[in-house]
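Asks: Dropping the structure in here first, questions after.
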Amino acid sequence: MEKICIQLEKIEISFLDRVILKVPKLAVHQFDRIGIVGMNGAGKSTLLKLMDGRLVPDKGQVKRFIEFSYFDQVASPIDAEVDYETSGKLSIPKIPIDNFSGGELTRLKLAQIFSTYKEGLLIDEPTTHLDEAGTQFLIEQLNYYYGALVLVSHDRYVLDQLVTKIWEIEGAAVTEYSGNYSDYVEQKERQRKQQQEKHERYEREKVRLLRAADEKMRKAEAITQANSHLSKKEAKAKANKMFMTKSKDTSQKGVQRAAKAIEQRVSQLDAVEAPKEEQKLRFNQPSTLKLHNKFPIMANGLTLMNGGKMLLHEASFQFPLGKTIAIKGPNGSGKTTLLKHIFENREGLDISPKAVIGHYQQMSYQFKKDETVLNFIKVRSDYVESRIRAVLHTMNFKGSDLKKCVKELSGGEAIRLELCRLFLGRYNILILDEPTNFLDVHCIEALECFLKGYEGTVLLVSHDRTFIDRVADCVYEIEDNKLVMK
């Protein structure tokens, strides 16, 4: 039997009177490979910090029996030696750390934890700034890692490649599922279908009993009406005769008692709610925004430079109308530069004169006006309020969230609001640069729903393989200063 590396018992953590985590018992064993999933703010990073000892629970205890390395997505790299071979494989630049990009900082932190061996690894969102090559290196390193792995990630491809258990955090509770992420999704779908079947059985039985109770009440009413013209003496004689010749349930009171008994059974049924159905969203464009060019974005012999570095050399392309076009390539290959070039309609491009382009960039959004979340979208959209609320709800803005001031939103909330603004806005072309960064899996799947329902043209960059596989109609890749269709 595998030894226990960490054991959590009767854990409770609260923040501002809200319970974030409530875990009766949970353990990590010697060769566990666990992926933690849940919505932003559900407590994924909190659980990792709890296991590492960076957080102390309000109640309960954490027992650690081995030493762990901890990868923090937002922390700066520690001052530690890096293995020369690992540094080379991850292409760590030999420049001052202050000049590192987000991807280079991530690779440096990964190189540091892979340069020394610990019996356990706690890793929080390691792929946020990694390109495809960096992600593949991470997968290869962890596939050969000998020890306990606990991984928080929004990258479904990485979870499928690395984990054999899923811990889902929802409503402060942790539920364990066996298998990788795809297995978890299948199990959740089976649960949804089972819940639907139970709900339908409950509804059928409820309807059957209510009809039976209604029938009994109608029968009692008929008896009352039949007796209404009789004198008290005649009614009593008739009731005595019925009692002597038939079941007493045929009397008015007996029938009413039977009806009430049935109604009591209805109230005692175990109510089963219907599972939540995925809402299908459509973003229909008004005629004034419709484009008629077969290829609204084109280039013939486009050359792009950045700081003296050649990114694209005489590249030619035609991006088709109404499609989602994905652009891939390693970090630094020119993807973001190309998107910016298109958004600003610079030299070497042929863009439809009727194009109205909305741009999502990799940056921290700062809002200048005191507006609520709902009003922020309403004044920037022509959709009715019910549709706006539905889209915001899909991107996890619910209830009181709609009344939040946009200036007080967290970074993740600001990103989700910006994505809602773009899809609900007055645009016919969207440019999205790494839109899945900092989104949880639920919101990535919501974004996929947006893209499938969007009538306009979308140009996007992403290192998330599963996301591209699910939304892209065509894929281009920057290779050797060329834009090649895959």
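Asks: Among the residues that make up the stretch 395-408, is at least one of them part of a strand (DSSP E or B), at pLDDT below 95 and either surrounded by 20 or more Cβ atoms within 10 Å (Cβ to Cβ) or not small (Gly, Ala, Ser) (or both)?
Replies: yes
Asks: Run down ARG421, ARG389, ARG426 and say which single residue is in a loop (DSSP other than H, G, I, E, B) and surrounded by fewer than 21 Cβ atoms within 10 Å (Cβ to Cβ). Reasoning before the result, please.
Replies: Numbers: ARG421 fails: in a loop (DSSP other than H, G, I, E, B); ARG389 fails: in a loop (DSSP other than H, G, I, E, B).
That would be ARG426, the only listed residue that is in a loop (DSSP other than H, G, I, E, B) and surrounded by fewer than 21 Cβ atoms within 10 Å (Cβ to Cβ).
Asks: Give me a count of the residues in the stretch 92-103 that are free of Cβ contacts under 8 Å to residues at least 24 places away in the same chain and either within 18 Å of GLN362 (Cβ to Cβ) or surrounded by 16 or more Cβ atoms within 10 Å (Cβ to Cβ) (or both).
Replies: 3
Yes/no per residue for (1) touching a strand residue (DSSP E or B) at 6+ places or on another chain (Cβ under 8 Å); (2) in a loop (DSSP other than H, G, I, E, B); (3) surrounded by 15 or more Cβ atoms within 10 Å (Cβ to Cβ):
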position	(1), (2), (3)
SER333	yes, yes, yes
LEU338	yes, no, yes
LYS354	no, yes, no
HIS359	yes, no, yes
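Asks: So, one more: If I ask for residues that are among the hydrophobic types (A, V, I, L, M, F, W, C) and more than 21 Å from LEU424 (Cα to Cα), which ones from the stretch 440-466 would you list?
Replies: Correct list: VAL441 only.
Asks: Moving on to the next point. Looking at (1) at pLDDT 90 or above; (2) of a type in the set (Asp, Glu); (3) surrounded by fewer than 15 Cβ atoms within 10 Å (Cβ to Cβ), can you tell me which one GLU215 breaks?
Replies: (1)
Asks: State the number of residues belonging to the stretch 89-137 that are among the aliphatic types (A, V, I, L, M) and under 18 Å from SER333 (Cα atoms).
Replies: 5
Asks: Also: Working carefully through the options VAL158, VAL150, find the one that is within 17 Å of PHE438 (Cβ to Cβ) and at pLDDT 95 or above.
Replies: Answer to the selection: VAL158.
Asks: Of all strands (runs of 3 or more DSSP E) completely enclosed by the stretch 1-87, which ones contain at least 3 residues that are without any contact (Cβ under 8 Å) to a residue 60 or more places away in the chain and either farther than 27 Å from TYR157 by Cβ or not basic (Lys, Arg) (or both)?
Replies: 4-15, 18-29, 59-64, 68-71
The values are calculated or read from the model by the stated rules, or taken from the named source; none is laboratory data. Small disclaimer: the values here were computed from a predicted structure and weren't measured. Heads up, the Cβs are rebuilt from the backbone with ideal geometry, glycines too, and the neighbour counts pull from every protein chain shown.
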